[in-house]
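K.L.:
My questions will all concern the structure given below.
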Amino acid sequence: MKNLTSIKWGILGPGKIAGKFAKDLLKVPHAIPYAVASTRVDRAVSFAKEYHFQKHFGSYESMLADPGLDVVYVATPHVFHHQNTLMCLQAGKAVLCEKPFAMNLSLVEEMIALAKQKNVFLMEALWTRFLPHFLYVLNIVQKQTLGKLLSLEADFGMNVPFDANSRLYDKSLGGGGLLDVGIYPVFASLLFLDYPAEIQAEADFASTGVDSRCEMFFKHHGNATSKLYCSTTKRTPTEAKLIFEKGTIIINSRFHEPTTVTVGSVNGTETIDFHYQTNGYYYEAAHVIDCLQKGLKESPLMNFENSLNLIKLLDAVRLKIGLNYENN
Ligand SMILES: NC(=O)c1ccc[n+]([C@@H]2O[C@H](COP(=O)([O-])OP(=O)(O)OC[C@H]3O[C@@H](n4cnc5c(N)ncnc54)[C@H](OP(=O)(O)O)[C@@H]3O)[C@@H](O)[C@H]2O)c1
């Protein structure tokens, strides 16, 4: 039996987000920066050097054959998540895979089925779920401290110059605002409310056929509503506003990453500072380590049902706006 006191991490696809994640990983107790794999060995070498990983590999297969490796962070573009996760699971390695988990529901179902078959841990890297300010707000929602939640408004807009070959605008890489940043407002809606009973959505498209603006309106059970917005061409506050029967909460800009929360009630208005010391990826990595140390195969916080509902809802929104990657 392996000693899982310390967990040896591997990075698959050492690009932009992997760098931010690795920087946080260095601060996480019991995390060992162990291996980096890239299709380009020079990239693996320089990443391993910069973030103090012990080993580097010029192919994903060679890293996955290393018996010392415990868990792999999959950080490639969306369209590769399914294939890369299956590779890791086949090799018996636990997986933390970037969002969106895969391009559609049936691919996510396949990943989860293999994780269950191999009895290996798998989790979607929806890092926001583990941030203390999100847990704080979720607690208020669940305990109904301010009464029932009536509505959520959340946006995530950034202004990224058009480049047909970039990950954000290239349809063959799964580009578009909804899957890249719209996923955060959609996730917040699922977490704080429930899977909507009614879904409306409309969008604008870039010349490459991916969404550059998407607006969504959900009606939830019990008549609560979500009004959500995302854009790749307009910078927006990127806030989340929750209206309750007896107060309001604003998760301040940018709501999906380390930030502050302003709570308004009959007692007045208070802004809570969570004194973050990291990029925020620290918390999801620490959670994965906790799960692995306990022998869990599924996260209790970001479980398979959460990921299935998220991709199902993203599929439903894509259907409404006519965004189809499958025929690309
Ligand atoms: N959680 C967050 O805050 C956050 C933030 C940004 C992005 N993300 C997610 O992280 C994922 C990666 O985003 P990123 O911006 O970090 O990506 P990136 O830097 O463009 O690429 C990451 C790695 O993916 C592989 N890759 C890139 N383009 C490829 C292509 N055309 N064909 C084959 N492989 C390719 C490369 O791996 P090799 O080095 O092995 O070739 C590259 O090092 C996305 O799914 C995104 O949604 C999450």
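The values are calculated or read from the model by the stated rules, or taken from the named source; none is laboratory data. On a predicted model such as this, the values are computed, not experimentally measured, just so you know. When we count neighbours, we look across all protein chains shown, and the Cβ atoms used for this are built from the backbone with ideal geometry, even at glycine. Only protein heavy atoms, including side chains, enter the accessible area calculation; ligands, DNA and RNA are left aside. Shrake-Rupley method; radii C 1.70, N 1.55, O 1.52, S 1.80 Å.
K.L.:
What does DSSP give for the chain in terms of the percent of beta bridges that are antiparallel, rounded to the nearest 5?
P.N.:
Just about 55 percent of them are antiparallel.
K.L.:
Here's something else I'd like to know. Net charge around ASP42, counting only other residues with Cβ within less than 14 Å of its Cβ (Lys, Arg = +1; Asp, Glu = -1)?
P.N.:
For residues surrounding ASP42, the net value is +2.
K.L.:
Please work out the Cα center distance from the stretch 57-102 to the stretch 221-242, rounded to the nearest Å.
P.N.:
The two parts, judged by their Cα centres, are 32 Å apart.
K.L.:
Sticking with this one: Return a single number: how many Lys pairs in the stretch 7-126, at a sequence separation of 8 or more or on separate chains, have alpha-carbon atoms below 13 angstrom apart.
P.N.:
Eligible lysine pairs with Cα atoms under 13 Å apart amount to 5.
K.L.:
How big is the antiparallel share of DSSP beta bridges in the stretch 101-228, given as a percent to the nearest 5?
P.N.:
Just about 70 percent of them are antiparallel.
K.L.:
Also: Over the stretch 7-126, calculate the relative contact order: mean separation of alpha carbon pairs under 8 Å at least 6 apart, over the residue count, as a percent.
P.N.:
Normalised by residue count, the contact order of the stretch 7-126 is 22 percent.
K.L.:
Given Cα pairs under 8 Å that are at least 6 residues apart, what percent is the relative contact order of the chain?
P.N.:
18
K.L.:
Highest mean first, what order results for 68-80, 196-208 on Cβ atoms within 10 Å?
P.N.:
68-80, 196-208
K.L.:
Sticking with this one: Dipole of the chain (Lys/Arg Cβ +1, Asp/Glu Cβ -1, origin at the Cα centre): which of HIS220, ALA65, ILE251 lies farthest to the positive side?
P.N.:
ALA65
K.L.:
How far is helix 304-321 tilted, in degrees, relative to the longest principal axis of the Cα atoms in the chain, given as a value from 0 to 90 rounded to the nearest 10?
P.N.:
That helix lies at roughly 60 degrees to the long axis.
K.L.:
For the stretch 195-328, which whole percent of the accessible surface, found with a 1.4 angstrom probe, sits on carbon and sulfur atoms?
P.N.:
In the stretch 195-328, the share of accessible area belonging to carbon and sulfur is 46 percent.
K.L.:
Quick one: check the C-alpha center-to-center distance for the stretch 10-42 versus the stretch 264-328, whole angstrom.
P.N.:
So the separation of the two Cα centres works out to 20 Å.
K.L.:
While we're on this one: Expressed as a whole percentage, what fraction of the accessible surface of the stretch 7-126 belongs to carbon and sulfur atoms when a 1.4 Å probe is rolled over the protein heavy atoms?
P.N.:
It is 55 percent, rounded to a whole number.
K.L.:
Could you work out how far helix 183-192 tilts from the main Cα principal axis of the chain, as a 0 to 90 degree angle to the nearest 10?
P.N.:
Result, in degrees: 60.
K.L.:
Same structure again: Using heavy-atom solvent-accessible surface (probe 1.4 Å) with all chains present, what is the largest-first order of ARG40, ARG254?
P.N.:
So the residues, ranked largest to smallest area, are ARG40, ARG254.
K.L.:
Helix 41-51 against the longest principal axis of the chain: what's the angle in degrees, Cα atoms only, rounded to the nearest 10?
P.N.:
Once rounded, the angle reads 70 degrees.
K.L.:
Order 212-219, 258-265 from most to least packed using the mean count of other Cβ atoms within 10 Å.
P.N.:
The peptides rank, most packed first, as 212-219, 258-265.
K.L.:
Using the per-residue mean of other Cβ atoms lying within 10 Å as a proxy for protection, in what order, highest first, do the peptides 285-294, 164-173, 95-104 fall?
P.N.:
Highest to lowest by the protection proxy: 95-104, 285-294, 164-173.
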